[in-house]
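Comments concern the structure below.
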Amino acid sequence: MKHHHRVPLALVLAVAATLRAQEPTAVTPPATRSPSTGAPVTTMPTVDVVGQTPTAYGPPPTTSFTGLTAPIRELPYTVNTVTDQFISDTSTRRTRDLVGYIPGVNASEDSGAIGDLLNIRGFDFIYQTYVNGMRNRIGYNASKSLGNIERIEIFKGPGGVEFGDGDPGGFVNYVTKKPQEKASITLGVEAGSWDYIGGYLDATGPLWAPPNAATTRTDKDGKSVATDPAHSDLGVFYRLIVSGDSSASFRDAFHTDGVLAAPSILWKYAEGSSVLFEAEYLHRDQPYDRGIMYLEGAGYSGNFAPLNRSYHEPSDYLDTHQTRVSLYWTHKFSEYFTFRLTGEMNTSDSLGKAVRNPLTYLLYIPGTNQWNGDRTVQRTTQTFDGWDYSFGVKPEFLINFETGPLKHSGLLGFNYLDSRTFTSSADGFDSRPIDLFKPVYGLNPIKRQPADPTDPTSIPPGARDFRFEEMLDEYGVYYQHKIDVFSRVHLLGGVRYDWYQDKTAVTRNVRATPLPPLAGTYDDSLSWRVGGVVDVTKNLSAFVGLSNSFQPQQGLTSDGSNVQPLEARSFEAGLKTSFFDGRLQATASVYQTTRKNLLEADPNDPTGVFVKPLGTVRVQGVELEVTGQITRDLDVQGGFSLMDSKITATDDLTTLGREFYNVPNVQVGLRLRYDTSRWLIPGLSVGGGVVYVGDRAGDAQNSFTLPDYWRFDAGVYYTWRNWKFKVTCENLADERYFLASQGEADIIQPGAPRTFVFGAQVTF
């Protein structure tokens, strides 16, 4: 059996002791502290939210999703935010654990539950990751560690202008924790259900400050004003985050463990000008888990197999090692002109082995979800080896100026992304049958005979030997412009042109060396956005927006032509408002998104080789979200969504008019945290949450349904001096529920039973 990594607590403590001995070289004024770690907080200086007070759950004063200098309230689309305090209060370890609290966002399923795949407004968000607004196409095959994440931003709707090609439902952006001006060291440990244990170190502070640290600085009128050298924020600052975790699961034959190391250096060399360097290494061992089955007639409760039932082996593993190196340079020439340059390189290496059950369809009566009476689950051993690389660069020019009563903000940018992928996998070379109802693990494999008895290297019948190589190049040039009219009307427009070249080479069951020459498709597309916001009152704004996006796709048509990219168009309108001096924010919106050119099998091709862009799908819905503070003691985050999804055009009559799978019609979530310090026990807070997710179709034919569910969560938090303690519980009522399916009755991810986490941390 593969050896599992344990939490590197000794390393964390040793590094902490070394850092604790350091003396800061500069004194700076107190900074806003992170409620979850006690460490000071800073954010990417890209979008300022004017007149808004940061709260534990509310949106922060900046976002790195768009480069325009404008309050979020003045942008004609919806952005949902999950803060580090909310992540800590819920003991979230994976992004999909947040499903239910963010309206219109639900779990999706692919790749054996190893990634954080989400469904946003009815469309899956997969195969791409955004960190500080920079996209790479690797890393989806391992869940994102949240140890280095300051907040999670969810951008709703097509983002063709902002991000180029992508899914039309929305995008998820991770904003990392940045170096701080004030020194602090935070040590923490967590333990909980299913043998979970984790530890972390977060150290930050100044490394160097200039001897005459800016005794003057420039005000908004361009004049020099005196400042106190002790209060200068110029200099060099660092941050080091190290964390590790290990856990079993309520799922049989499953384990996961990982290590994260994330150092960063920030050099602030002038007001509004800085260079930030970030590096990140993440190791994660989280084997494939194909979930449970929906099987009618097998005697299961509700026809769903027990939540713990797994047909994998305890020795399965998928080791993934990811690295990210990023450079962010911002240079402010004047109050009118700023230059930004972002560069990022990512690598991912994965190696794995899994005893899988890809032949569970043999348990079903063809064309139905009925059990055929066979107790034997046919399994095979799959091996996997993958390597990914991406490099991206994004220079941007930001301008701000006024013409009479009009204020202008413009953003001109260019991006280039180069991605490389190589994957090899094989399965079906052995057989490992197991009992459907009483699985016994550790059985020896049975080697299958080669197809050609005279050639021992020939592939057995039914086995697969697959290799895949991809070379992907993307270029994009874009411009956005925002006009403020008398500070009451805010107009936004943008245009982007993308060029996309994708070359691939594939072999299936042919052991060719080397792979055949790379060949593929070339696409280019225009994306646009128009919209506006009107400030009806000081605290109420109305917005409307129209946008589009595209996504290249691969396939072979009968006439040899390239297939058309997926195209999407979305309309959204709503209200944004704030209460209690900006401490509580709310957004209500209605939207409709239509996506066309979905590829389907060519009905005139009996071989099943050719495809045609036939399908059209539509999602329309209503959303409401409220975040922030109701009173100085009560924090809230919650909302609800109503969605209607439908396949409106297709030649597949079994899916025409059907709902999308994994998309609930109704979703409600609410989380509260109340501080009792003023009237009960100083330092004591209590929290609770409720999530309701409506029933969802399990496949494109709507042949089975994932039932609706209620989930209740709770937490108790206590602060004493520089210590923080917490006890959280997810699924307090021990509800049996299901997160998502992969569009098949035999691949369904169950939700976790009642789960406790205890945490303690100290900040120096």
* Within the accessible area of the chain (1.4 Å probe), percent carbon and sulfur -> 60 percent
* Asked: Out of these labelled values of Rg and Dmax of the Cα atoms in Å, (1) 26.6, 88; (2) 36.2, 121; (3) 31.2, 113, which was calculated from the coordinates shown here?
  -> (1)
* To do: Check each of the chymotrypsin sites (Phe, Trp or Tyr not before Pro) in the stretch 437-512 and keep only those in coil by DSSP with at most 14 other C-beta atoms within 10 angstrom; list them in order.
  => 437, 486
* Asked: Tell me, what is the per residue accessible area of the chain in Å², probe radius 1.4 Å?
  -> 41 Å²
* Amide H contacts of residue 754 (H built 1.01 Å from N, under 5 Å, at least 5 apart or other chain) -> 734
* Asked: What is the set of long-range amide H partners of residue 313 at a cut-off below 5 Å, with H atoms built 1.01 Å from backbone N?
  -> 355
* Calculated FRET efficiency for the pair residue 406/residue 515, C-beta based, R₀ 45 Å, to 0.05 -> 0.20
* Structure fact -> Of the listed links 156/576; 144/438; 144/596, those spanning more than 23 angstrom between alpha carbons are 144/438; 144/596
* Asked: Considering only DSSP states other than H, G, I, E and B, which trypsin sites (Lys or Arg not before Pro) in the stretch 606-668 qualify as loop sites with at most 12 other Cβ atoms within 10 Å?
  -> 632
* Roughly what angle does helix 9-20 make with the longest principal axis of the chain, taking Cα atoms, 0 to 90 degrees, to the nearest 10? -> 10 degrees
* To do: With label points built 7 Å along Cα→Cβ from the Cα atoms of residue 454 and residue 616, find their separation and express it in nm.
  => 5.8 nm
* Structure fact -> Taking R0 as 25 Å and r as the Cβ-Cβ distance between residue 721 and residue 632, the FRET efficiency 1/(1 + (r/R0)^6), rounded to the nearest 0.05, comes to 0.70
* How large is ³J(HN,Hα) for each residue in the stretch 332-337, as worked out from phi by the Karplus curve 6.51 cos²θ - 1.76 cosθ + 1.60 (θ = phi - 60°), to whole Hz, x for Gly and Pro? -> 9, 6, 6, 5, 9, 9
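The values are calculated or read from the model by the stated rules, or taken from the named source; none is laboratory data. Not measured: the values here are computed from a predicted model. Quick reminder, even Gly has a Cβ in these numbers, built from the backbone with ideal geometry, and neighbours come from all protein chains shown. Side chains are part of the model used for accessible areas, which takes the heavy atoms of the whole protein and leaves out ligands, DNA and RNA. Shrake-Rupley method; radii C 1.70, N 1.55, O 1.52, S 1.80 Å.
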